[in-house]
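The values are calculated or read from the model by the stated rules, or taken from the named source; none is laboratory data. This one's a predicted model, so the numbers in the text were calculated from it and none came from an experiment. Cβ coordinates were reconstructed from backbone atoms using ideal geometry, including for glycine residues, and neighbour counts include every protein chain displayed.
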């Protein structure tokens, strides 16, 4: 869960809930003047997109961006201005366009909507991000087909106080299996409001299984 070149090691907590979905307004072959930034579209991103992001009260300047869900670094996505507006270009392929809010060492995905435009299309969509700061458990992770593994536990965090350790495998998060879960699917379930509870089922390197309950915490940028 983070706001710099994101790697597969991200600081996470448990989700407050899955992102809501909103329907985009898609105009086939429409003029892109209203949506597109100045200049010609990139060859690999010929679909114009624009819209509004609501929520995000108290977020720092530049902390809210819009990107395709699953992008490695959403902080490099489309910036959102002081009026909540954004515009940019998308590839002509399926994209779950999502608004993200960054707080300290965490990134919180807000609402998303599935878009599959063709070259020359213009898409307008309204998105939302939480009004509360993102909070998490405080560990870095790796994701593979077998689930989610703790890569590093950060000091003075819920994870460190709960005794989680590098190499532990998160088997379930709030009762949901992590097998086959992607990094961003875990992040979507991972971030939530400060003080909310998260329960994870953990398998240690020694084969021991533990059920750990924690309260999410805002994690300052390291």
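Please go through region 36-76 and pick out each residue that is in contact (Cβ under 8 Å) with a residue 40 or more places away in the chain, at negative phi and part of a strand (DSSP E or B). Selection gives 47, 48, 49, 50, 52, 53, 54, 64, 66.
Of the strands (runs of 3 or more DSSP E) entirely within region 77-171, those holding at least 2 residues that are closer than 25 Å to residue 193 by Cβ occupy 95-103, 106-115, 122-129, 139-144, 147-153.
Hey, any hits in region 192-208 for a residue that's touching a residue at least 24 places away in the same chain (Cβ under 8 Å), out of contact with any helix residue (DSSP H, G or I) (no Cβ under 7 Å at 6 or more places or on another chain), crowded, with 21+ Cβ neighbours inside 10 Å and within 30 Å of residue 85 (Cβ to Cβ)? Looking for residues that are touching a residue at least 24 places away in the same chain (Cβ under 8 Å), out of contact with any helix residue (DSSP H, G or I) (no Cβ under 7 Å at 6 or more places or on another chain), crowded, with 21+ Cβ neighbours inside 10 Å and within 30 Å of residue 85 (Cβ to Cβ), one finds at least one in region 192-208, hence yes. Scanning region 176-195 for residues that are over 18 Å from the mean Cα position of the chain (by Cα) and not in a strand (DSSP E or B), which turns out nearest to residue 100 (Cα to Cα)? Applying the filter and picking the extreme gives 195.
Take the conditions (1) modelled with pLDDT of 95 or more; (2) under 21 Å from the mean Cα position of the chain (by Cα); residue 166 misses just one of them, which is (2).
Give the residue, chosen from 118, 45, 59, 63, that is more than 30 Å from residue 161 (Cβ to Cβ) and either in contact with a strand residue (DSSP E or B) (Cβ under 6 Å, 6 or more places away or on another chain) or at pLDDT 90 or above (or both).
45
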